[in-house]
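Visitor: My structure is below; once you've seen it, I'll send some questions.
The values are calculated or read from the model by the stated rules, or taken from the named source; none is laboratory data. Given the structure is predicted, the values throughout are model-derived calculations rather than measurements. All Cβ positions, even for glycine, are placed from backbone atoms using ideal geometry, and neighbour counts span all protein chains on display.
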Amino acid sequence: MLPPRGIAISSGFSRATGVGSRAKNREIKWGCAARIKEGRAICDSHHVNEATLERTYLAAIAQMAENADTVIEAVREGALLTMEPENNARLAAVEQAIIEMQESALALHKQKVGHKITEAEYNEAIQECSQQMQQLEAQQAELQTVATRYAEVKVWLDAFETNIRTGEIMSTNDAMVMKTLVERIIVNDTDIEVQFKCGVSVQQEYVK
């Protein structure tokens, strides 16, 4: 069974140099690494001329840059950045509750040492504290994960806006721009799909 025709540049995509009768006729193409190595029986995808791929990539980026405000807003809504203050407030409340729970456990220990409560009462209260602490720590971990995601999206948005303003996003030679913004590029028969790390993607027909 043949694999899908779409090829991901980020994995299994290689350069192949087609050699003509003279050096000047050499043409650099990109294609599925499995086909280049094993042949058409393994993968029936096509090679893509490098110049065509670069022009198409630039056209896709230009399309996205023209709609930058819409894209940024979509990313903000998709990542629910408007809820970041609420998430931070909940995280702060949970962390405060953890501190209070730790203080309660310490107070119980002092009561036990001072013989103000029995061993059985202490064990029961400590067990309840432990269960509540586990719940709080689980909430804390979840909220911290969300906070980290917010931070990552903000970094991406800052990079995206900066690269649009400076024009660097239009450069196919800037590897750092690609690494910062782009997750992968899917090469299809008639178009490419540029998938960005934020989850947004843009499709562009080949520019010959």
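Visitor: Could you figure out which of (1) modelled with pLDDT under 80; (2) more than 30 Å from Val207 (Cβ to Cβ) isn't true of Thr162?
Guide: (2)
Visitor: Would you be able to tell me the number of residues in region 105-162 that are of a type in the set (A, V, I, L, M), within 24 Å of Arg90 (Cα to Cα) and free of Cβ contacts under 8 Å to residues at least 12 places away in the same chain?
Guide: Count: 4.
Visitor: Continuing with this model, one more query. Going through region 110-129 one residue at a time, which ones are surrounded by 12 or more Cβ atoms within 10 Å (Cβ to Cβ), of a type outside the set (Ser, Thr, Tyr) and in a helix (DSSP H, G or I)?
Guide: Gln111, Lys112, Glu121, Asn123, Glu124, Ala125, Ile126, Glu128, Cys129
Visitor: Within region 35-71, restricting attention to residues that are β-branched (Val, Ile, Thr) and buried (at least 17 other Cβ atoms within 10 Å of the Cβ), which residue is modelled with the highest pLDDT?
Guide: Here the residue is Thr56.
Visitor: Looking at region 72-85 only, could you name the residues that are assigned to a helix (DSSP H, G or I) and either modelled with pLDDT of 85 or more or surrounded by 15 or more Cβ atoms within 10 Å (Cβ to Cβ) (or both)?
Guide: Listed by number, the residues that qualify are Ile72, Val75, Arg76, Leu81, Glu84, Pro85.
Visitor: Conditions first: (1) surrounded by 16 or more Cβ atoms within 10 Å (Cβ to Cβ); (2) over 25 Å from the mean Cα position of the chain (by Cα). Leu143 passes all but one, so which condition is the exception?
Guide: Exception for Leu143: condition (2).
Visitor: Does region 86-93 contain at least one residue that is at pLDDT below 95 and in contact with a Phe, Trp or Tyr (Cβ under 8 Å, 6 or more places away or on another chain)?
Guide: Looking for residues that are at pLDDT below 95 and in contact with a Phe, Trp or Tyr (Cβ under 8 Å, 6 or more places away or on another chain), one finds at least one in region 86-93, hence yes.
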